[in-house]
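Notes to accompany the following structure.
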Amino acid sequence: MTKYGSFPGARPRRLRTTPAMRRMVAEHRLHPADLILPAFVREGISEPVPISAMPGVVQHTRDTLRKAAVEAVEAGVAGIMLFGVPEDANKDAVGTAGTDPDGILQVAIRDVRAEVGDDLVIMSDLCLDEYTDHGHCGVLDAEGRVDNDATLERYAEMAQVQADAGVHAVGPSGMMDGQVGVVRDALDQTGHEDVSILAYTAKYSSAFYGPFREAVGSSLKGDRKTYQQDPANLRESLRELALDLDEGADMVMVKPALPYLDVLAKIADSVDVPVAAYQISGEYAMIEAAAEKGWIDRDKAILEALTGIKRAGANMILTYWATEVARGL
């Protein structure tokens, strides 16, 4: 005779019995409006240039970038983050191309704005590394170190020209002390009070940036450990967060995403502004490479990774799969 009391009364598995049941009780859901597409536009090319370490991602021409922006809108993607890739001949010690109104990024902003208007939140990378011949995110001093305050002056100029081009939000990503405040002042003083700032609040010195260096044609020799954060530190991110909010950040971001989900969760629990996370090039490349070898199910791995970022607290996710995933959703 069965002893009914010997079996569990609480059975969490009851809520996992069918796909419909699991869908109904899901605690977190991805939505196309959660996603932002990072995109690279390269000066002086007539056809898109594939990025070898990021299968499916290219350096766009101006025409193909416009097409990608339209496709993102049609898929329901919320935003696009633009990175300019100038010709090597246009790089110099202070990143002049980054503040040239006719520089590749400013031209691309105008192109995308003309193509999609306000249907896509157009964001721009506000940093000098793509435009300097030394590859650092700022101006160097006589000893070859990044000069924080001289760099801030350049960031103020970048903010103005990007806003003049029609960007909706700028993303100061160089991790200079005081960058959000200087950019906010520059925008406000030039009549761009409505342009938002997505602060790269917690940007770590990561081994996962490798494929991105190819994507932007980086000239970097050495590393960025004197200004990007140490992967060992969490409290440091909270200090950066407090400073960015005090300086006027409208949104904050954690970069990379998956290796720093604890940082993302901590920041998301601490603020009342939107929180973004950037699923960076190395994260993308790992999944694509493992899937290419047949070691993992590509589509399921992509959705699982993005859901984990959402679960950790991200309101917005920058991902190179944005348009593809949005179409699937």
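The values are calculated or read from the model by the stated rules, or taken from the named source; none is laboratory data. Quick caveat, the model's predicted, so the values are computed rather than measured. We place every Cβ from the backbone using ideal geometry, glycine too, and count neighbours over all the protein chains shown. For accessibility, only protein heavy atoms count, side chains too; no ligands or nucleic acids. Shrake-Rupley method; radii C 1.70, N 1.55, O 1.52, S 1.80 Å.
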Study note, to complete from the structure: Restricting to lysines and to Cα separations under 26 Å from residue 266, and discarding same-chain partners fewer than 8 apart, the set is 203, 225, 255, 310
Study note, to complete from the structure: Compactness summary of the stretch 239-329: radius of gyration and Dmax from Cα atoms, Å, are 14.3, 47
Practice item. Could you please report the charge total around residue 134, scoring K, R as +1 and D, E as -1 over all other residues with beta-carbon less than 15 angstrom from its beta-carbon? Key: -3
Review point. With axes computed from alpha carbons, what is the tilt in degrees of helix 298-311 against the longest principal axis of the chain, rounded to the nearest 10 within 0 to 90?
Key: 80
Study note, to complete from the structure: Quick numbers on the chain, Rg and Dmax over C-alpha atoms in Å, give 21.1, 88
Review point. Residue 223 to residue 301: FRET efficiency via 1/(1 + (r/R0)^6), r the Cβ-Cβ distance, R0 30 Å, to the nearest 0.05?
Key: 0.55
Check your understanding: In the chain, what percent of the accessible surface is made up of carbon and sulfur (1.4 Å probe, ligands and nucleic acids excluded)?
Key -> 50
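Give the shape of the stretch 142-187 as rounded, prolate or oblate, defined through the alpha-carbon gyration tensor: a ≥ b ≥ c are the square roots of its eigenvalues, a/c under 1.5 means rounded, and otherwise the shape is prolate if a/b is larger than b/c and oblate if not. Each step should come with its number before you reach the end.
Details: a/c = 2.42, a/b = 2.10, b/c = 1.15.
Prolate is the answer for the stretch 142-187, as a/c is 1.5 or above and a/b outweighs b/c.
Accessible area, 1.4 Å probe, largest first: how do 288, 157 sort? Let's see the in-between values first.
Details: 288 20, 157 90 Å².
Highest to lowest solvent-accessible surface, that is 157, 288.
Could you order 66, 327, 13 so the one with the most accessible surface comes first? Probe is 1.4 Å. Walk me through the numbers before you get to the answer.
On the way: 66 55, 327 150, 13 185 Å².
The ordering from most to least exposed comes out as 13, 327, 66.
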Exercise for review: Hand me the trypsin sites (Lys or Arg not before Pro) from the stretch 193-263 located in a DSSP loop with no more than 14 other Cβ atoms within 10 Å, in residue order please.
Suggested key: 221, 225
Practice item. Pull out the extension gain between residue 149 and residue 33, defined as 0.36 nm times the separation in residues minus the alpha carbon to alpha carbon distance; nm, one decimal. Key: 38.1 nm
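What does the extension gain come out to for residue 15 and residue 45, with contour length at 0.36 nm per residue minus their alpha carbon separation?
The residue 15-residue 45 span can extend by a further 5.4 nm.
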Point to revise | Mean accessible surface per residue for the stretch 270-329, computed with a 1.4 Å probe while every protein chain stays in place, in Å² | key: 45
Review point. What ranking, highest mean first, results for peptides 137-143, 274-280 when packing means the other Cβ atoms within 10 Å averaged over each residue?
Key: 274-280, 137-143
